[in-house]
Structure formats: C-alpha cells, structure tokens
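K.L.:
Have a look at this one before I ask anything.
The values are calculated or read from the model by the stated rules, or taken from the named source; none is laboratory data. Model, not experiment: these values are computed from the prediction. Counting neighbours? That spans all protein chains shown, and the Cβs are built from the backbone with ideal geometry, glycine included. Just so you know, the surface numbers come from the protein's heavy atoms only, side chains and all, with ligands and any DNA or RNA stripped out. Shrake-Rupley method; radii C 1.70, N 1.55, O 1.52, S 1.80 Å.
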Amino acid sequence: MQSSPPAHTPARLALCAVALATLSACANYSGIAPQAKPVDATSLPTPSATEAAALPQATWWTGFGDAQLNQLIDQALASNPNLRLAQARVARAQAVGDLAASASLPQIGAGLDLTHQRFTAKGLYPYPVAGAVLDTGTLQATGSWELDLFGKNSAALKAAVGQARAAEADASAARMLLAANVARTYFSLVRIEAQLQVAQRTLDQRTQTLALVQDRVKAGLDTQLEQQQSESALPDARMQIEALKEQKALALNALGALTLQQNKLTALVFTSQTAIKKIALPTSMPIGLLGRRADIAASRWRIEATTQDAANAKALFYPNINLVAMAGFSSIGIDKLLQTGSDQWAMGPAIRLPLFDGGRLRANLRSKTADVEAAIESYNALVVDAVRDVADQLTSSQAIAKQQTEQAAAQASAESAYSIAVQRYQAGLGNYLQVLAAETALLAQRRQAVDLAARALDTQVQLIRALGGGFQADTDPTNTPFSSVAQRTAP
C-alpha cells in the first residue's frame with residue numbers, strides 16, 4: 001500500500017524555490033547596461049498637411065506616366081534574385097519566431113521502447129533476472145512546461161519578432177532600391193536616346209559646314225585653314241556618337257541584369273523626356289521620412305531585437321524552473337507490458353540555478369549589451385544620413401529647377417538667333433555658314449536641356465527613395481504570422 005505524501009510538501013518546495021532564487025546573487029549582472037541613446041527626432045522639422053499628402057506612394061513609379069517603365073519595374077520586382085533572397089530571409093526570421101514562441105508552451109511527447117536484453121549477473125537485478133536474456137518494454141507519455149517566471153522566453157520571443165520585422169523592412173528596402181535603380185537606368189537610356197538625336201544632327205550640321213567650306217575654298221573665298229578646322233570637327237562628332245552608343249549598351253546591360261530579360265530590351269522604344277510626367281513631392285524636409293524609410297524601420301526593429309536579446313541574457317542569471325511529468329507502463333516481458341501493476345508515473349518540478357560559471361553569463365550579457373550599443377549607434381548614423389540625403393536631394397532639385405529656368409531662357413535666345421539667321425539667308429542677306437553657326441549654339445543648348453531634364457528625373461527618383469518610396473512602417477510587435485502564439489505567451 002502506497003503512503004500519501006506529507007501535507008507540507010508544497011510548502012517545502014516553495015521554500016526551496018525561494019532559497020534558490022536568493023542564491024542567484026552568486027551570479028549577478030550588476031554594472032552591465034547599454035550607454036548609447038537613440039537620437040531625438042522631435043527636434044527635426046515637421047511637415048505640413050500638404051507636404052505629408054505629397055509623400056510618395058507604394059507604386060510611385062506609375063506617377064511618371066510611362067507604361068514601359070511600369071512593365072520593367074514589375075518584371076524586376078517579380079524575378080530579381082536579390083529581392084527573392086530578401087524574402088527568403090523574412091521567411092527564415094518568421095520561422096525563428098515560431099520556434100521562440102513554442103518554448104513557452106507545454107511540451108508533450110510519447111514513446112515506445114522494446115528491448116531484447118541480457119541482464120548482468122553481477123548487477124542490481126536479483127535472480128531470476130540476473131544473467132537472463134529477456135524482453136523489456138516501456139510505453140509512456142512525457143510532458144514538461146517551463147515556467148517563464150523571469151521573462152527569458154518572453155524576451156526571446158520579442159527578440160525574434162524584432163528580427164522578423166527587421167527582415168521584412170529589409171525586404172521593403174531592397175524592393176525600393178531595385179525599383180529606383182530600374183527607373184534611374186531607364187531614364188538614363190531616355191537621356192542617351194535624346195542625346196543621340198542631338199549628336200546625329202550635330203554630325204549632319206558639321207558635314208554640311210565642311211561641304212560649304214570646301215566650295216568656298218574652291219571659289220577662293222576661304223583658305224585651307226578653314227577647311228582643316230571643319231574637317232577636324234567631324235571625327236569629334238562621330239566620337240561623341242560612338243561614346244553615346246557605348247553608354248546605351250552598358251545601360252541596357254544594367255537594365256537587363258535588373259529585370260532578367262536582356263534579350264527583350266533591344267525592342268524597347270523610349271519616349272521623349274517631355275512626355276514623362278513629374279511627381280508632386282514635398283519642398284521641405286519632412287519628419288515623415290523617419291517612419292517611411294524601410295532601412296530606418298529595420299534599424300529600429302534591430303534595436304528592439306538586440307534589447308530583448310540582452311533581456312534574455314539577463315534572465316539566464318535566474319533559476320530555470322520546469323514542471324515535468326510522465327505516465328505509462330514498463331515491464332520485463334513484453335506480454336506483461338499492459339498488465340496490472342506495470343503502470344508507472346512521476347511528476348514534480350525541475351529547478352536549475354547558475355551559481356559559479358567562471359564569468360560565462362556576464363560575458364554573454366556584455367556581448368548582448370554591446371550588440372544593443374551597436375544597433376543604437378547604427379540607427380543614429382542612419383537617421384543623420386537620411387536627413388542629409390533628403391536635404392541633398394531637395395537642394396539639388398531646387399538648384400536644377402533654377403538652372404532649367406536659366407537654360408530655357410538661353411535656349412529661347414539661341415532659337416531666336418537661329419530663326420533670324422535662317423530668315424536673313426532666305427532673304428539673301430547672309431550666307432548659309434551663318435545659319436550653321438547659329439545652329440551650333442542652338443545644338444549646344446539642346447544638349448544642356450537634355451542633361452538638365454535627365455538630372456531632374458534622376459533627382460526625383462533619388463528624392464522618392466530618400467523619402468521611403470511609400471513604405472509604411474509596422475510598429476505593432478504582435479502583428480506577425482505567429483502573433484496568436486505571441487499573445488498567448490506574453491507575460
């Protein structure tokens with residue numbers, strides 16, 4: 001007959017737990033804490049309602065009104081291996097979160113062991129078991145539940161959530177950068193096509209000039225000096241065309257690598273720069289960039305993840321308490337496994353406490369604290385760089401707009417001068433060389449107009465990238481694929 005346990009056993013267990021918790025002072029974490037602080041973003045300018053409404057949207061590239069550009073970016077986002085790599089990292093981080101969440105839930109298992117065994121004749125077993133060859137069997141269920149009294153598992157789960165969110169933000173940053181690179185490369189090709197047209201007209205104009213000078217030399221109106229000067233201008237014009245063709249080939253190679261459709265790019269027909277629409281964007285630095293840049297959101301989540309990693313390392317200084325239990329059957333002789341008397345069971349707490357570990361726990365906590373410091377300083381540097389990035393793009397955008405105004409005035413004057421030269425030639429008041437000379441100045445202005453328009457488009461893309469490209473940061477740490485588990489296990 002089995003005797004019941006004394007009534008005061010729970011009290012003894014409680015006293016043991018208190019004593020063990022008190023002994024945890026033997027391994028302490030005093031003096032280990034991060035010193036770095038995130039920068040205060042409240043001191044930065046705040047956008048007006050109009051500026052906030054002008055922040056870029058998630059599919060910002062559609063605002064340029066170029067269907068071919070839309071198709072290229074969609075293709076890049078669907079097939080680029082770097083983006084798929086970022087998405088794979090997200091899936092891995094989410095799986096780590098599921099693993100961390102499972103640690104705080106009860107663990108239940110079952111097992112069946114069947115053994116054909118010779119028992120030693122010199123051991124603990126008496127005759128007739130000693131020295132005999134017998135079959136043994138064990139069929140039992142086991143269970144355990146770690147009581148997260150000091151927040152170790154909760155911190156590990158929050159750290160996993162932070163890493164998963166950081167991975168998601170990194171994927172968004174990769175998506176933004178890929179779309180921006182495709183747009184910039186595409187607009188570079190548009191510029192090259194426009195410059196090729198101007199360069200080809202420059203070559204035709206210089207060919208006409210040479211023919212006229214040769215006629216004037218034959219007529220004795222010019223010398224060999226003027227002819228040599230006109231001839232030397234032709235190789236330079238042809239060189240400019242070849243240089244532009246090289247730039248076009250390299251840009252097509254880059255676009256092919258981004259979109260993974262190199263063979264289809266030769267059929268592209270590029271629109272004119274004037275047909276590309278402008279996107280309305282803020283005209284001053286908005287604080288919204290701190291919440292709409294994926295790289296900054298990822299950095300914030302890494303601070304959260306490393307902070308929780310440090311909390312997990314701190315919780316390792318405290319006792320680890322598990323409730324364990326098992327119930328099942330065990331017998332010598334498989335035929336007796338399920339017979340009366342073969343049943344067995346056990347239950348109770350399992351407590352583990354670090355006392356003297358040679359400094360291992362403190363070293364681990366110092367390492368995790370250093371990670372927090374690094375994450376905070378990385379975030380601070382990123383915020384400062386983001387503010388400078390937006391300021392630079394806004395400065396360039398405003399400067400280019402002023403340059404375009406001045407260049408437009410200069411081109412208008414050149415157009416007027418060319419028109420007057422043509423009219424004088426048609427009226428017999430001037431020669432055709434004067435017309436060609438006026439066109440030379442006009443072609444120079446057209447080249448500048450193409451370059452400035454290209455810079456304006458490139459700066460728009462860069463500003464959109466600096467403003468986050470429509471990214472919306474998720475600051476809810478429970479909004480994850482394993483959020484339901486996180487909510488059940490949160491302290």
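K.L.:
Identify, by number, the condition in (1) surrounded by fewer than 11 Cβ atoms within 10 Å (Cβ to Cβ); (2) in contact (Cβ under 8 Å) with a residue 40 or more places away in the chain; (3) among the polar types (S, T, N, Q) that THR259 doesn't meet.
P.N.:
(1)
K.L.:
So, of the residues in the stretch 89-128 that are surrounded by 15 or more Cβ atoms within 10 Å (Cβ to Cβ) and hydrophobic (A, V, I, L, M, F, W, C), which turns out to be farthest from ALA327 (Cα to Cα)?
P.N.:
Of everything passing the filter in the stretch 89-128, VAL90 is farthest from ALA327 (Cα to Cα).
K.L.:
Now for a different question. Considering each of GLN411, GLN398, GLN445 in turn, give the residue that is under 21 Å from GLN208 (Cα atoms), open to solvent by 30 Å² or more (accessible area, probe 1.4 Å) and either touching a Lys or Arg at 6+ places or on another chain (Cβ under 9 Å) or part of a helix (DSSP H, G or I) (or both). Walk me through how you get there before you give the answer.
P.N.:
On the way: GLN411 fails: under 21 Å from GLN208 (Cα atoms); GLN398 fails: under 21 Å from GLN208 (Cα atoms).
Selected residue: GLN445, the only one of GLN411, GLN398, GLN445 that is under 21 Å from GLN208 (Cα atoms), open to solvent by 30 Å² or more (accessible area, probe 1.4 Å) and either touching a Lys or Arg at 6+ places or on another chain (Cβ under 9 Å) or part of a helix (DSSP H, G or I) (or both).
K.L.:
Here is a further query. Kindly evaluate LEU189 against the criterion of being of a type outside the set (Lys, Arg), more than 19 Å from TYR432 (Cα to Cα) and in contact with a Lys or Arg (Cβ under 7 Å, 6 or more places away or on another chain). Walk me through how you get there before you give the answer.
P.N.:
Values: of a type outside the set (Lys, Arg): yes; more than 19 Å from TYR432 (Cα to Cα): yes; in contact with a Lys or Arg (Cβ under 7 Å, 6 or more places away or on another chain): yes.
When the stated conditions are applied, LEU189 passes them.
K.L.:
Condition first: assigned to a helix (DSSP H, G or I) and at pLDDT below 85. Now tell me which residues in the stretch 288-333 satisfy that. Full working, then the answer.
P.N.:
As a first pass, look at the stretch 288-333 and keep what is assigned to a helix (DSSP H, G or I): 289-292, 294-315.
Hits for the stretch 288-333 are LEU289, LEU290, GLY291, ARG292.
K.L.:
Continuing with the same structure: Counting only residues that are within 30 Å of the chain's Cα centre (by Cα) and among the aliphatic types (A, V, I, L, M), how many does the stretch 111-170 have?
P.N.:
Adding up the residues that qualify gives 10.
Yes/no per residue for (1) among the aromatic types (Phe, Trp, Tyr); (2) open to solvent by 20 Å² or more (accessible area, probe 1.4 Å); (3) without any contact (Cβ under 8 Å) to a residue 60 or more places away in the chain:
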{"residue": "LYS152", "(1), (2), (3)": "no, yes, no"}
{"residue": "LEU157", "(1), (2), (3)": "no, no, no"}
{"residue": "ALA173", "(1), (2), (3)": "no, yes, no"}
{"residue": "THR185", "(1), (2), (3)": "no, yes, no"}
{"residue": "SER188", "(1), (2), (3)": "no, yes, no"}
{"residue": "LEU225", "(1), (2), (3)": "no, yes, yes"}
{"residue": "LYS248", "(1), (2), (3)": "no, yes, yes"}
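K.L.:
Looking only at the stretch 194-223, filter to residues that are of a type in the set (Ser, Thr, Tyr) and closer than 29 Å to VAL269 by Cα; which one of those is most open to solvent (accessible area, probe 1.4 Å)? Write out each step before concluding.
P.N.:
Within the stretch 194-223, the first condition is being of a type in the set (Ser, Thr, Tyr), and the residues that meet it are 202, 207, 209, 223.
The next check asks that each one be closer than 29 Å to VAL269 by Cα; those that pass are 202, 207.
Numbers: THR202: 6, THR207: 70 Å².
The extreme case among them is THR207.
K.L.:
Give the stretch 55-73 a look and list any residue that's of a type in the set (S, T, N, Q) and either assigned to a loop (DSSP other than H, G, I, E, B) or under 19 Å from the mean Cα position of the chain (by Cα) (or both), or say none. So that I can check it myself, show each step before the final result.
P.N.:
Filtering the stretch 55-73 down to residues of a type in the set (S, T, N, Q) leaves 57, 59, 62, 68, 70-71.
Answer for the stretch 55-73, where residues must be of a type in the set (S, T, N, Q) and either assigned to a loop (DSSP other than H, G, I, E, B) or under 19 Å from the mean Cα position of the chain (by Cα) (or both): GLN57, THR59.
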